[in-house]
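Following: one structure in structure tokens, then a few remarks.
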């Protein structure tokens, strides 16, 4: 029996839609943080999804590159195809020619509607060879890619499903793209489905079970009494194509063009003549309160409308219960908040606007409901209902039986300090259900300024969950190195702060600068940032900074050697001077010092020296490193990656990471007062074996997402953190 459904995922600011047809997934937009919440939403992404974008913007694309990397690890790259507006090929190709991790986009094929096609390679030997290099041989990588010619006959080719310049058609669905300005609206249609056998009619005509295969093959059977029974006599009528529409309308002009569009009109005519059934229209827009949008809804009120950014007020008990559902990570933080109210936030549920009252009396209006899906096929199950196999007890009762020791009251009292250090993400490579990827924030409650140390995908949501407001506050974002699990989240933060009146200082390795500028140029978005390269804080770096960045742009060129100039408004020397001049007044920093560490090229560790004499250091990703030990001497808090447990020493060596014991040794050699561990491998989302010697070391703090405290209380948090880490072993 065919199953055709749509599910909205909105655990982040921007919703996206996952369409399922049996085992194939059709994903519409990949916003920041998408892949983290697939498990919470009971969405299993099978190999070979088809990805569609309604528009190219930070809001719709920043989850793309992390997700493509994950698919590659699952050997699903060569069967995944991507579709969207003009400019999409350039966006993916730009990432392809980035030295750091660019090979992870090589297998993917991209097709623009009314535009170009970018082929993907099926040469997995090349991909495997590049993956073994660990991003350490940049020039060799670029030369291999430059020389690698993708044979169309041996390629991943998204165009094979294109019947014309705007019509996608595979074995399951037909998807018509409607191009309106720089956006794409989608009409998704199933094919006619054969009707099911009617058990009552089979019984009425005395058709035996052993005759069913014959009937299916010949369209009829001859019974023992000579009676001929045709297949039409015992089957339900065939099911006409079932259609749904996904709209991402931003203004009145786009709405008018949609209404006048030939394909949209054709769909309405087919519905009126009963050739198809238009089941639902999904609205990604935030504009439904506008008069032009209200007019559209009222004009087409005979269809089901699902508003992805709004909720519907009502008395439906099931919907009301589902509106209270939160992701597992939020439930964990709220559970820990009960015992440690100053170390973990209570994370509130999403607050959505209600559907405008103009629509409330229309029965065909639906809002977003967590863990609901709109089932289209089979017809008998059609409707907006809870997802299959959902069990609320799994989420709500997981942590209720855990008890903590009664710590002294001093641990629960608000410390007399104004500098608060919070771990936003503590996982490596890709986000998990309980841990997001790397992110740390130092909050200055007195000056209302913030310093972010690494900023993986989904960091903005983590910050919002902490009730930290970044708008119009001085902000430094420091990126340790170019791997995507450490920097992809800054694009969403920069986008959300585009109207800020404060400068945003980005301190990034020079190798990251081309990626940031290319991304914004391709999307046509403006950003108020001041980019500074990490090397400017490295006392041993003597080369010309502008020449270094030009070299990075040259190495990271767009396909076939197209040269891209540095944006003129980025004066890296002046940006550096501006930041140094405001460190004390806006951030209470005496200085920022960095040192190269042992991971991929241009990886840096950092030390923040506060004006009051305190200090903290952060390793980023690295092997145990003498330079970082030297940088961190006598630091108050040393934060070190600890990707692997001690039994996986070989993994740590191969991947240029540290084990728990190695990280602790670095902290002891540096004579740090507190050693905070973070960046755990995904394999430890549930269980982590830690030796007793380390558990007994009172200097060590094991971090987890949303764990935080004032700087002057971190020396008292060791035992609490070890109690909490045991939750992951339950």
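The values are calculated or read from the model by the stated rules, or taken from the named source; none is laboratory data. Treat the numbers as computed from the prediction; the structure is a model and nothing was measured. Cβ placement follows ideal geometry from the backbone for every residue including glycine, while neighbour counts extend to all protein chains displayed.
Quick check on region 455-471. Is at least one of its residues at pLDDT 90 or above and over 26 Å from residue 350 (Cβ atoms)? So far as region 455-471 goes, no, none of its residues is at pLDDT 90 or above and over 26 Å from residue 350 (Cβ atoms). When region 320-346 is filtered for residues that are part of a loop (DSSP other than H, G, I, E, B) and either without any contact (Cβ under 8 Å) to a residue 40 or more places away in the chain or within 27 Å of residue 248 (Cβ to Cβ) (or both), the ones remaining, listed by number, are 323, 324, 325, 326, 327, 346.
No other residue among 315, 334 is farther than 21 Å from residue 284 by Cβ, modelled with pLDDT under 90 and out of contact with any helix residue (DSSP H, G or I) (no Cβ under 9 Å at 6 or more places or on another chain) apart from 315.
When the criteria are applied in full, residue 57 meets the requirement of being farther than 22 Å from residue 376 by Cα, surrounded by fewer than 23 Cβ atoms within 10 Å (Cβ to Cβ) and within 18 Å of the chain's Cα centre (by Cα). Give the residue that is modelled with the lowest pLDDT, with candidates limited to residues of region 679-696 that are closer than 23 Å to residue 600 by Cα and not in a helix (DSSP H, G or I). Filtering first and then ranking leaves 681. Residues in region 159-170 that are touching a residue at least 40 places away in the same chain (Cβ under 8 Å) and assigned to a strand (DSSP E or B) were compared, and the one that is surrounded by the most Cβ atoms within 10 Å (Cβ to Cβ) is 168.
Checked against (1) in a loop (DSSP other than H, G, I, E, B); (2) at pLDDT 95 or above, residue 269 meets all criteria but (1). Inside region 1-37, residues that are in a loop (DSSP other than H, G, I, E, B) and surrounded by 19 or more Cβ atoms within 10 Å (Cβ to Cβ) make up a count of 10. Would you please name the residue that is surrounded by the most Cβ atoms within 10 Å (Cβ to Cβ), looking only at residues in region 65-83 that are closer than 11 Å to residue 105 by Cα and modelled with pLDDT under 85? Going through the qualifying residues, I end up with 77. Scanning region 55-79 for residues that are over 27 Å from residue 390 (Cβ atoms) and not in a helix (DSSP H, G or I) yields 55, 56, 57, 62, 75.
You will find that of 527, 480, 534, the residue that is modelled with pLDDT under 85, closer than 20 Å to residue 579 by Cα, surrounded by 16 or more Cβ atoms within 10 Å (Cβ to Cβ) and touching a helix residue (DSSP H, G or I) at 6+ places or on another chain (Cβ under 8 Å) is 527 and no other. Looking at region 347-361, which of the residues that are surrounded by fewer than 14 Cβ atoms within 10 Å (Cβ to Cβ) and not in a strand (DSSP E or B) is modelled with the lowest pLDDT? Applying the filter and picking the extreme gives 360. Checking each residue in region 652-664 for being farther than 17 Å from residue 678 by Cα and either in contact (Cβ under 8 Å) with a residue 60 or more places away in the chain or touching a strand residue (DSSP E or B) at 6+ places or on another chain (Cβ under 7 Å) (or both) picks out only 654.
With respect to the stated conditions, residue 491 is modelled with pLDDT under 95, touching a helix residue (DSSP H, G or I) at 6+ places or on another chain (Cβ under 7 Å) and not in a loop (DSSP other than H, G, I, E, B).
Filter region 171-219 for residues that are more than 40 Å from the chain's Cα centre (by Cα) and assigned to a loop (DSSP other than H, G, I, E, B); which is surrounded by the most Cβ atoms within 10 Å (Cβ to Cβ)? The qualifying residue surrounded by the most Cβ atoms within 10 Å (Cβ to Cβ) is 207. Scanning region 38-54 for residues that are part of a loop (DSSP other than H, G, I, E, B) and in contact (Cβ under 8 Å) with a residue 40 or more places away in the chain yields 39, 40, 41, 42, 53, 54. If you go through region 180-219 and keep only what is within 27 Å of residue 279 (Cβ to Cβ), in contact with a strand residue (DSSP E or B) (Cβ under 8 Å, 6 or more places away or on another chain) and in contact (Cβ under 8 Å) with a residue 60 or more places away in the chain, you end up with 183, 184, 185, 186, 187, 188, 189, 190, 193, 196. For region 517-542, give me each residue that is in a helix (DSSP H, G or I) and closer than 16 Å to residue 602 by Cα. Within region 517-542, 534, 535, 536, 537 qualify. For region 590-616, filtered to residues that are in contact (Cβ under 8 Å) with a residue 60 or more places away in the chain and in a strand (DSSP E or B), the residue that is surrounded by the most Cβ atoms within 10 Å (Cβ to Cβ) is 605. Taking the criterion of being in a strand (DSSP E or B) and closer than 19 Å to residue 610 by Cβ, the residues of region 641-678 that qualify are 674, 675, 676. Could you list, in sequence order, all residues of region 698-708 that are surrounded by 14 or more Cβ atoms within 10 Å (Cβ to Cβ) and part of a loop (DSSP other than H, G, I, E, B)? Within region 698-708, 699, 703, 704, 705, 706, 707 qualify. Apart from one condition, residue 65 fits all of (1) in contact with a helix residue (DSSP H, G or I) (Cβ under 8 Å, 6 or more places away or on another chain); (2) without any contact (Cβ under 8 Å) to a residue 40 or more places away in the chain; the exception is (2).
Screening region 370-389 for residues that are within 15 Å of residue 18 (Cβ to Cβ) and part of a loop (DSSP other than H, G, I, E, B) and picking the one that is modelled with the lowest pLDDT gives 388.
Counting the residues of region 272-319 that are within 33 Å of the chain's Cα centre (by Cα), touching a residue at least 60 places away in the same chain (Cβ under 8 Å) and not in a strand (DSSP E or B) gives 9.
For region 233-256, the count of residues that are in a helix (DSSP H, G or I), farther than 20 Å from residue 301 by Cα, in contact with a helix residue (DSSP H, G or I) (Cβ under 8 Å, 6 or more places away or on another chain) and without any contact (Cβ under 8 Å) to a residue 40 or more places away in the chain is at least one.
Scanning region 543-588 for residues that are surrounded by 13 or more Cβ atoms within 10 Å (Cβ to Cβ), outside any loop (DSSP other than H, G, I, E, B) and modelled with pLDDT under 70 gives 555, 558, 559.
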